[in-house]
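Let me begin by presenting the structure, written as structure tokens, before commenting on it.
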Amino acid sequence: MRVLGIETSCDETGVAVYDTSEGLLAHHLFSQIALHAEYGGVVPELASRDHVRKLLPLIRQTLAESGLSVDDLDGVAYTAGPGLVGALLVGAGVGRALAWSLDVPAVGVHHMEGHLLAPLLEDDPRGRPEPPFVALLVSGGHSQLIHVKKIGEYELLGETIDDAAGEAFDKTAKLMGLAYPGGPLLAKLALEGEPGRFKFTRPMVDRPGLEFSFSGLKTQVLLAWQKSDQTAQTQRDIARGFEDAVVDTLAIKCERALDQVDCDTLVVAGGVGANVNLRERLKAMTAKRGGDVYFPRPAFCTDNGAMIAYAGALRLLAGEREGEAIKVQPRWDMETLPRVDR
Ligand code: KG4
Ligand code: ZN
């Protein structure tokens, strides 16, 4: 089954074709970073309009690269939520209409389920992680620990009570004067920073539970930055101190979640999953307990069409079908998703 995947939930237009027997055939991404940079954050209306401009050319380009025409498609998957309503409507409108015109089934995909399943797109010599496992989803909008009992059967173990991990990276970068979007830039600086020169508290690790809180950290960074000499090296050292605090906190909570559900397999997804320090730390933590950790390639940690095509293909194969109406859910609880029986 060949499935076209469309991602337009925020500031990236992503398109991919996934074949259930041959794997990923092609994928393309158009990032709107330059468009939003002068505003220091995503402007929803500009995002929607740019998806309108970019989506059809990107679909044509992706199909051409796969050597396919629209008639070769057996299904269409698009992100139906959570995300910005106008942006979601562009992908859902195009995806649903295309499926209707081709008389093939369509399915609306949960963006975070797309992230969660992205590691399964990889050819890992150890094979694909099979549920049950614990998933750490760390993106710009979410920080969640999820017990994946089966594909489609998700239990939320804990989440952030304020900022998401990616949001904390972005806000912290901004307050040290880094350009938008600051998260990846801050991570790059941290690689050259001296560990231990700045030590920030690890939020909420001293109390039980699997909740996160990252908003206090940025205040600590702001105070340290304001009091400092503000040289380039100090910026790198503060970035390192901040990143170590986030990484430590995430690793401690991941270990706690694995203990809680008595499992040794961790799957990490979402933009912050591209973080080198986090990847190393979680590899060490899981190896120590004789377990495994799986990540998507860095390009599939952040938003992309491939994860939507893949998650959609699994659901279409299981017989899920969207009605003819164009429906999106800007807020959408993953625990309400139907189980996928394979
Ligand atoms: O998953 P994603 O592309 O979009 C959402 O669905 O939110 O995640 C984007 C987030 C941004 O906050 C960005 O700063 C963060 O992921 N991010 C990183 C890194 N690369 C992206 N954070 C830390 N280290 C990175 N290398
Ligand atoms: Zn995302």
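A few comments on the model shown:
- Axis of helix 165-175 versus longest Cα principal axis of the chain: the two differ by about 60°, to the nearest ten degrees.
- Measuring with a 1.4 angstrom probe and ignoring ligands and nucleic acids, residue 39 comes out at about 130 Å² accessible.
- Farthest toward positive dipole pole in the chain [+1 Lys/Arg, -1 Asp/Glu at C-beta], among 93, 125, 4: 125
- Applying both filters, DSSP loop and at most 13 other Cβ atoms within 10 Å, to the trypsin sites (Lys or Arg not before Pro) of region 53-151 gives 126.
- Contact order relative to length of region 131-296, as percent, for alpha carbon pairs under 8 angstrom and 6 or more apart: 27
- Computed over Cα pairs, the Kirkwood radius of region 208-342 leads via Stokes-Einstein (1.306 mPa s, 10 °C) to a diffusion coefficient of 87 µm² per second.
- Orientation-averaged projected area, Cα convex hull of region 62-122 (nm²): 4.8
- The relative contact order of the chain, computed from alpha carbon pairs under 8 Å that lie at least 6 residues apart in sequence, is 25 percent.
- Residue 53-residue 325 pseudo-label distance in nm [points 7 Å out on the Cα-to-Cβ vector]: 3.3
- Taking the alpha carbon gyration tensor of the chain, multiplying each eigenvalue by 5 and rooting it gives semi-axes of 34, 24, 16 Å, largest first.
- Surface accessible to a 1.4 Å probe, per residue, for the residues of the chain, Å²: 42
- With the gyration tensor restricted to C-alpha atoms of region 131-296, the semi-axes of the equivalent ellipsoid amount to 28, 15, 14 Å, longest first.
- Pairs of Lys residues in region 131-296 are counted when their Cα atoms are under 17 angstrom apart and they lie 8 or more places apart or on different chains; the count is 10.
- Förster radius 30 Å - calculated FRET efficiency between residue 69 and residue 46 (Cβ-Cβ, nearest 0.05): 0.40
- Portion, in percent, of the accessible area of the chain that falls on carbon or sulfur, probe 1.4 Å: 52
- Within the chain, percent of DSSP bridges classed antiparallel, to nearest 5: 60
The values are calculated or read from the model by the stated rules, or taken from the named source; none is laboratory data. Predicted model only: the values in this text are computed from it and were never measured. Neighbour counts run over all protein chains shown; Cβ positions are idealised from the backbone, glycine included. Quick note on the areas: whole protein, heavy atoms, side chains included, nothing else; ligands and nucleic acids left out. Shrake-Rupley method; radii C 1.70, N 1.55, O 1.52, S 1.80 Å.
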